[in-house]
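The values are calculated or read from the model by the stated rules, or taken from the named source; none is laboratory data. All values reported here derive from a predicted model rather than from experimental measurement. Virtual Cβ from ideal backbone geometry, glycine too; neighbours counted across all protein chains shown. Each accessible area value is taken on the protein alone, full model and side chains, heavy atoms only, with ligands, DNA and RNA left out. Shrake-Rupley method; radii C 1.70, N 1.55, O 1.52, S 1.80 Å.
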Amino acid sequence: MTAPLSPLALLDIDSLIGAEDRDIRDTVRAFVEDRLRPEIAGWYDTGQVPVRDLALEFGRLGLLGMHLDGYGCAGTSATAYGLACMELEAGDSGLRSIVSVQGSLAMYAVHRHGSPAHRDEWLPRMASGEAIGCFGLTEPDFGSDPGGMRTRARRDGSDWVLSGSKMWITNGTVADLAVVWARTDEGIRGFVVPTDTAGFSSTEIKQKLSLRASVTAELALDDVRLPADAMLPEARGLSGPLSCLTEARFGIVFGSLGAARDCLEATIAYAGQRQIFDRQLAAYQLTQAKLADMTVELGKGMLLALHLGRLKDEDRLGAPAISIGKLNNTREALRIARECRTILGAAGITLDHSPMRHANNLESVVTYEGTSEVHQLVIGQALTAESAFRS
Ligand SMILES: Cc1cc2nc3c(=O)[nH]c(=O)nc-3n(C[C@H](O)[C@H](O)[C@H](O)COP(=O)(O)OP(=O)(O)OC[C@H]3O[C@@H](n4cnc5c(N)ncnc54)[C@H](O)[C@@H]3O)c2cc1C
């Protein structure tokens, strides 16, 4: 009898990852195991997570904006960033969300679309975790259709005055700056809003059943007056925020597989020691069929993620390809998490085991950064040259 292999070892996935990227992954994995895993069930249970402390720790590890260049960012490969997201989400999707929103949404928006002054002012502090950013695109009535947004920025002399509200905003109550997207006379534009500006307020959304170890908030903009240079000069129209979402979706392609891998590993370990009728649960064919099918999906998702990582590192990754990754990997990760919970039986419903926590989190992960349906529509449009977003 040979020793059992871990799910991704069956495909020798490590042989596809360069030594430097593997080192980064292993460092993040050790941090997650030693520092985060002992705490995560408690954070999830209470719905309280020390985002500020964690941001500083993530900053020291070089995880914030890690695939961006300059301004204190690590400038790693996209694949390394994806692998870091995978390890963080093996801990919890909420922890990966902190890093995604900071690096791929808020920092990327400033890096790609901001002025030199915006970059100098915010990026070094955001890379170190001293300043936290949030990204305000979604509104109460406009999620999948952000182009309908009602938040408005009007000119008053040379100033801008913003009014409206944003909903479901990760890190909204802990942020130092909010990147806010608003309608102007010249179309949708982005604004850098320091959260201590008069008229800006945020309220945490409570009673969540998903992403409990993550802060989610509603933002209110009540005649928030900003200087002319608060506008991101390089972002014009919806392509501005969508470019940031594309970055974040890439991290999720890898991240969701981290949650799935953790579910599978926890479940294999449990099934190996749980005695049912006259033998261990892992020895039953029905259990092994489930484990095998989940391992096949995890492996396929991993090959897809690494392929997208290579394309991104070569600057050849298109939005429909990211949609394929986001749609497949979040959907399969959620299926894996739910299937793992069935193998755990009643033990699977508490925080002693990770699969149901991951499954609950993944309900948000399949929803944010474009729902599965929205990604089906993106892929469908690419295939047919017909947009089916509107009836
Ligand atoms: C935990 C969490 C954190 C978030 N963090 C942020 C954040 O930091 N910043 C931010 O801006 N947003 C954030 N969001 C918001 C997220 O991006 C939106 O929830 C998402 O875009 C979906 O919008 P919605 O919830 O309004 O759903 P809706 O747009 O109301 O969609 C409802 C349903 O309709 C379906 N649907 C939509 N369009 C079509 C169509 N054309 N055809 C068929 N079906 C369709 C959807 O797929 C979905 O099933 C977060 C959400 C969550 C849950």
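Of all residues in the stretch 112-128, none satisfies being within 14 Å of the chain's Cα centre (by Cα), open to solvent by 10 Å² or more (accessible area, probe 1.4 Å) and either within 16 Å of the ligand (Cβ to nearest atom) or over 21 Å from Leu242 (Cβ atoms) (or both).
Applying the condition of being open to solvent by 60 Å² or more (accessible area, probe 1.4 Å) and among the basic types (Lys, Arg) to the stretch 266-320 and asking which residue is farthest from Asp21 (Cα to Cα) yields Arg279. Residues satisfying the criterion are absent from the stretch 155-162 (criterion: in contact with an Asp or Glu (Cβ under 7 Å, 6 or more places away or on another chain), closer than 20 Å to Ala230 by Cα and in a loop (DSSP other than H, G, I, E, B)).
If you go through the stretch 323-338 and pick out every residue that is farther than 12 Å from Asn361 by Cα, open to solvent by less than 10 Å² (accessible area, probe 1.4 Å) and polar (S, T, N, Q), you end up with 2.
For Ser97, the conditions (1) under 28 Å from Gly325 (Cα atoms); (2) more than 15 Å from the chain's Cα centre (by Cα) are fulfilled apart from (2).
Of the residues making up the stretch 143-153, those that are within 15 Å of the ligand (Cβ to nearest atom) and either open to solvent by 40 Å² or more (accessible area, probe 1.4 Å) or touching a residue at least 12 places away in the same chain (Cβ under 8 Å) (or both) are Gly143, Ser144, Asp145, Pro146, Gly147, Met149, Arg150, Thr151. Per the conditions (1) touching a residue at least 24 places away in the same chain (Cβ under 8 Å); (2) in contact with a helix residue (DSSP H, G or I) (Cβ under 8 Å, 6 or more places away or on another chain), the sole criterion not satisfied by Ile349 is (1).
So that you can scan it fast, the table gives a plain yes or no per residue for (1) open to solvent by less than 70 Å² (accessible area, probe 1.4 Å); (2) of a type in the set (Lys, Arg); (3) within 16 Å of Ser97 (Cβ to Cβ); (4) touching a residue at least 24 places away in the same chain (Cβ under 8 Å):
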site: Thr2; (1), (2), (3), (4): no, no, no, no
site: Leu11; (1), (2), (3), (4): no, no, no, yes
site: Ser15; (1), (2), (3), (4): no, no, no, no
site: Leu36; (1), (2), (3), (4): yes, no, yes, yes
site: Trp43; (1), (2), (3), (4): yes, no, yes, yes
site: Gly47; (1), (2), (3), (4): yes, no, yes, yes
site: Gly65; (1), (2), (3), (4): yes, no, yes, yes
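Counting only helices (runs of 4 or more DSSP H) that fall entirely inside the stretch 1-66 and contain at least 1 residues that are under 25 Å from Val296 (Cβ atoms), the qualifying elements are 19-31.
Every residue, every condition in (1) within 26 Å of Val378 (Cβ to Cβ); (2) away from the ligand (no atom under 11 Å from the Cβ); (3) of a type in the set (Lys, Arg), yes or no:
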{"site": "Glu130", "(1), (2), (3)": "no, yes, no"}
{"site": "Gly136", "(1), (2), (3)": "yes, no, no"}
{"site": "Asp141", "(1), (2), (3)": "yes, no, no"}
{"site": "Arg155", "(1), (2), (3)": "no, yes, yes"}
{"site": "Val161", "(1), (2), (3)": "no, yes, no"}
{"site": "Ile169", "(1), (2), (3)": "yes, no, no"}
{"site": "Val174", "(1), (2), (3)": "no, yes, no"}
{"site": "Val179", "(1), (2), (3)": "yes, no, no"}
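Determine if the stretch 133-149 includes at least one residue that is part of a strand (DSSP E or B) and out of contact with any helix residue (DSSP H, G or I) (no Cβ under 7 Å at 6 or more places or on another chain). Looking through the stretch 133-149, at least one residue is part of a strand (DSSP E or B) and out of contact with any helix residue (DSSP H, G or I) (no Cβ under 7 Å at 6 or more places or on another chain).
Is it the case that some residue within the stretch 77-93 is outside any helix (DSSP H, G or I), more than 15 Å from the ligand (Cβ to nearest atom), open to solvent by 10 Å² or more (accessible area, probe 1.4 Å) and more than 24 Å from Pro227 (Cβ to Cβ)? Yes, the stretch 77-93 has at least one match. Does Gly190 qualify as being within 14 Å of Leu137 (Cα to Cα), crowded, with 23+ Cβ neighbours inside 10 Å and not aliphatic (A, V, I, L, M)? Yes, satisfied. Quick check on the stretch 203-210. Is at least one of its residues among the basic types (Lys, Arg), surrounded by fewer than 21 Cβ atoms within 10 Å (Cβ to Cβ), closer than 30 Å to Leu88 by Cα and within 13 Å of the ligand (Cβ to nearest atom)? Among the residues of the stretch 203-210, at least one is among the basic types (Lys, Arg), surrounded by fewer than 21 Cβ atoms within 10 Å (Cβ to Cβ), closer than 30 Å to Leu88 by Cα and within 13 Å of the ligand (Cβ to nearest atom), which makes the answer yes. Against the definition (under 25 Å from Thr367 (Cβ atoms), within 16 Å of the ligand (Cβ to nearest atom) and touching a strand residue (DSSP E or B) at 6+ places or on another chain (Cβ under 6 Å)), how does Ala55 come out, yes or no? No; evaluated as a whole, the condition is false for this residue.
Ala217 meets all of the listed conditions (1) part of a helix (DSSP H, G or I); (2) of a type outside the set (D, E, K, R); (3) surrounded by 18 or more Cβ atoms within 10 Å (Cβ to Cβ) but one, namely (1).
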